[in-house]
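The values are calculated or read from the model by the stated rules, or taken from the named source; none is laboratory data. What you see is a predicted model, and the numbers here were worked out from it, not measured in a lab. Cβ sites come from the backbone with ideal geometry, for glycine too, and all protein chains shown count toward neighbours. Accessible surface areas use protein heavy atoms only, side chains included; no ligands, DNA or RNA. Shrake-Rupley method; radii C 1.70, N 1.55, O 1.52, S 1.80 Å.
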Amino acid sequence: MPSLTTLGLELPTDPRWVNIAEMQLEDILIDHAYCEQKAASACISMIVHFPEKEKLVEVMTPVVAEEWAHFRMVLKELNKRGFKLGRARKDEYVNRLQEIVKKKGDRDEVFLDRLLVCALIEARSCERFKLLSQHIADESLRTFYHELMISEAGHYRNFIELAEEYLPAEKVRARWKELLAAEANIMQTLDVRGDRMH
């Protein structure tokens, strides 16, 4: 896969984001906690919808555990700072991505899109974690986000490799290229918000 930014994303995050996020640390941690919860749920959903794919079940099962562990880790960071979890917020980024994926029709195409959208979300999260690990003042959070960045990069690879396990590599690459372009377009239209991880 060609790499123009972190994990091949076509459009880097607006450099203002990390500074705004640092000023809204409680909000960004709350949103991050829910991102991890949703990631665990997405992996469970993949297993439930495609149980016949043994390799998928084998790979996704530990990822569910890791994402849930990340949720607990973010809760710990919230508690350490005297913050409360609060309610989940609307994730416009993920909602917009969901609008472009195939949800009906050919089962293989639906399967591919679900894997690749998960890969995209992991790639964008990884890029944001990298920015936080490099630029925020809180030393413990810098270390925290560096470790999460490495883990999310591994999850990204899991989704890409699973796609290529079940479908021709050329088909995976072609659809990945389309989704990368669509994701870049979405990023251009979203406001730079420091209270959202994406």
| query | Do we have residue 193 as in a loop (DSSP other than H, G, I, E, B), of a type in the set (Lys, Arg) and in contact (Cβ under 8 Å) with a residue 12 or more places away in the chain here? | reply | yes
| task | Can you confirm whether region 61-74 contains a residue that is within 17 Å of residue 31 (Cβ to Cβ) and without any contact (Cβ under 8 Å) to a residue 24 or more places away in the chain? | result | yes
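Name the residue, out of 29, 11, 7, 56, that is in contact (Cβ under 8 Å) with a residue 24 or more places away in the chain, touching a Ser or Thr at 6+ places or on another chain (Cβ under 9 Å) and not small (Gly, Ala, Ser). Walk me through how you get there before you give the answer.
Working: 29 fails: touching a Ser or Thr at 6+ places or on another chain (Cβ under 9 Å); 7 fails: touching a Ser or Thr at 6+ places or on another chain (Cβ under 9 Å); 56 fails: touching a Ser or Thr at 6+ places or on another chain (Cβ under 9 Å).
So the residue among 29, 11, 7, 56 that is in contact (Cβ under 8 Å) with a residue 24 or more places away in the chain, touching a Ser or Thr at 6+ places or on another chain (Cβ under 9 Å) and not small (Gly, Ala, Ser) is 11.
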| query | Hey, does region 70-87 have a residue that's touching a Ser or Thr at 6+ places or on another chain (Cβ under 8 Å), closer than 14 Å to residue 34 by Cα and not charged (D, E, K, R)? | reply | yes
| request: Filter region 172-198 down to residues that are more than 26 Å from residue 32 (Cβ to Cβ) and of a type in the set (Lys, Arg) and give me whichever is least open to solvent (accessible area, probe 1.4 Å). | output: 175
| task | For region 46-57, name all the residues that are under 26 Å from residue 98 (Cβ atoms) and exposed (fewer than 13 other Cβ atoms within 10 Å of the Cβ). | result | 48, 51, 52, 55
| request: Give the number of residues within region 67-90 that are surrounded by fewer than 18 Cβ atoms within 10 Å (Cβ to Cβ) and either touching a strand residue (DSSP E or B) at 6+ places or on another chain (Cβ under 9 Å) or under 16 Å from residue 118 (Cα atoms) (or both). | output: 1
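Do the conditions hold for residue 61, that is, is it part of a helix (DSSP H, G or I), hydroxyl-bearing (Ser, Thr, Tyr) and on the phi < 0 side of the Ramachandran plot?
Details: part of a helix (DSSP H, G or I): yes; hydroxyl-bearing (Ser, Thr, Tyr): yes; on the phi < 0 side of the Ramachandran plot: yes.
It is true that residue 61 is part of a helix (DSSP H, G or I), hydroxyl-bearing (Ser, Thr, Tyr) and on the phi < 0 side of the Ramachandran plot.
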| request: Among residues belonging to region 14-45 that are of a type in the set (Asp, Glu) and crowded, with 21+ Cβ neighbours inside 10 Å, point out the one that is nearest to the chain's Cα centre (by Cα). | output: 36
